[in-house]
Every structure is written in C-alpha cells, then in structure tokens.
Amino acid sequence: MKDNEKDFEIDPRFLMAVERSTTALLGLSISLIVLGFVVEKFELFLHLLTYELKDKPINNLFKNIEFYKYLGMFIIGIGIATAFYSYYYYIKWVENLKNRTIETDKKIYLYLSVVVALIGLIMLLSMLSL
C-alpha cells in the first residue's frame with residue numbers, strides 16, 4: 001500500500017459540494033410536492049366554483065374537474081420519488097469520493113427535466129381547455 005492510499009480522507013470541499021447538490025434535489029422534491037398539493041386543491045376550487053355557478057350556462061366548462069386531482073397526486077408522487085432518489089444520490093457520491101472515482105448519473109437530470117416539462121405542458125393544455 002502506498003502512503004497516499006492509506007488513511008485517505010474525503011476532501012471537505014467535495015463532500016460539501018455533494019451535500020449542496022443533495023439539498024438542491026431535496027428542495028426540488030419539496031417544490032414538486034407543494035405544486036402537486038396546489039394543483040390538487042385547484043380541483044376543490046373548481047368544485048366550489050361549479051357549485052356557485054350551477055344554474056349558469058358557464059357550468060359546462062368544468063366537465064373535467066377530476067383531472068386536477070389525479071394530476072396533483074401524480075406530481076406529489078414525482079416529488080416523493082425525487083426525495084428518495086436524493087438519498088441514493090448522496091450515498092452514491094460519498095462512495096465515489098471514498099473510492100476516488102467519478103460516476104455521474106446524467107439520466108436523472110434528463111428524466112427530471114422531461115417530467116417537469118410534461119407537467120407544465122399538461123397544465124397549460126388543461127388551462128386552455130377550460
């Protein structure tokens with residue numbers, strides 16, 4: 001064993017960078033959970049609006065109110081999955097630092113970007129259909 005390989009300690013700067021990245025992923029998961037809650041409660045708002053306007057001709061516009069309930073639950077599920085992934089991400093990077101390797105997971109950023117873009121597109125289309 002070489003002298004530089006025994007008693008290897010992780011550089012605190014690298015560990016703090018991993019912690020910042022993990023915290024950013026946790027922040028994203030919290031944001032997705034809150035967004036899902038707001039979207040799901042929008043369904044309640046539309047129910048109340050429909051009740052208030054039940055004898056008005058505008059009532060036919062709110063046919064697909066249940067859609068927001070399921071969209072909100074889907075977004076909350078994505079947020080929960082992101083929170084679990086952030087723990088996996090942290091553990092994986094600490095192991096990479098201990099082993100002095102770099103194994104990036106670029107796919108998660110692609111998946112998160114596509115999911116967030118799809119959620120935005122679905123919400124835009126649903127607002128246009130109201």
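Looking at region 121-130, which of its residues are surrounded by 12 or more Cβ atoms within 10 Å (Cβ to Cβ) and either touching a Cys at 6+ places or on another chain (Cβ under 8 Å) or modelled with pLDDT under 85 (or both)? Steps first, please.
The first filter runs over region 121-130 and keeps only residues surrounded by 12 or more Cβ atoms within 10 Å (Cβ to Cβ), leaving 122-123, 126.
Within region 121-130, M123, S126 meet the criteria.
Annotation: of all residues in region 90-120 being aromatic (F, W, Y) and in contact with a helix residue (DSSP H, G or I) (Cβ under 6 Å, 6 or more places away or on another chain), the one that is most open to solvent (accessible area, probe 1.4 Å) is Y90.
Counting residues in region 93-109 that are more than 30 Å from E9 (Cβ to Cβ), hydrophobic (A, V, I, L, M, F, W, C) and at pLDDT 85 or above gives zero.
A quick yes/no check of all residues on (1) touching a Lys or Arg at 6+ places or on another chain (Cβ under 6 Å); (2) modelled with pLDDT under 90; (3) open to solvent by 90 Å² or more (accessible area, probe 1.4 Å); (4) of a type in the set (G, A, S):
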{"site": "I30", "(1), (2), (3), (4)": "no, no, yes, no"}
{"site": "E43", "(1), (2), (3), (4)": "yes, yes, no, no"}
{"site": "L49", "(1), (2), (3), (4)": "no, yes, no, no"}
{"site": "P57", "(1), (2), (3), (4)": "no, yes, yes, no"}
{"site": "L71", "(1), (2), (3), (4)": "no, yes, no, no"}
{"site": "Y87", "(1), (2), (3), (4)": "no, no, yes, no"}
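The values are calculated or read from the model by the stated rules, or taken from the named source; none is laboratory data. This one's a predicted model, so the numbers in the text were calculated from it and none came from an experiment. Virtual Cβ from ideal backbone geometry, glycine too; neighbours counted across all protein chains shown. Side chains included, ligands, DNA and RNA excluded: accessible areas come from the protein's heavy atoms. Shrake-Rupley method; radii C 1.70, N 1.55, O 1.52, S 1.80 Å.
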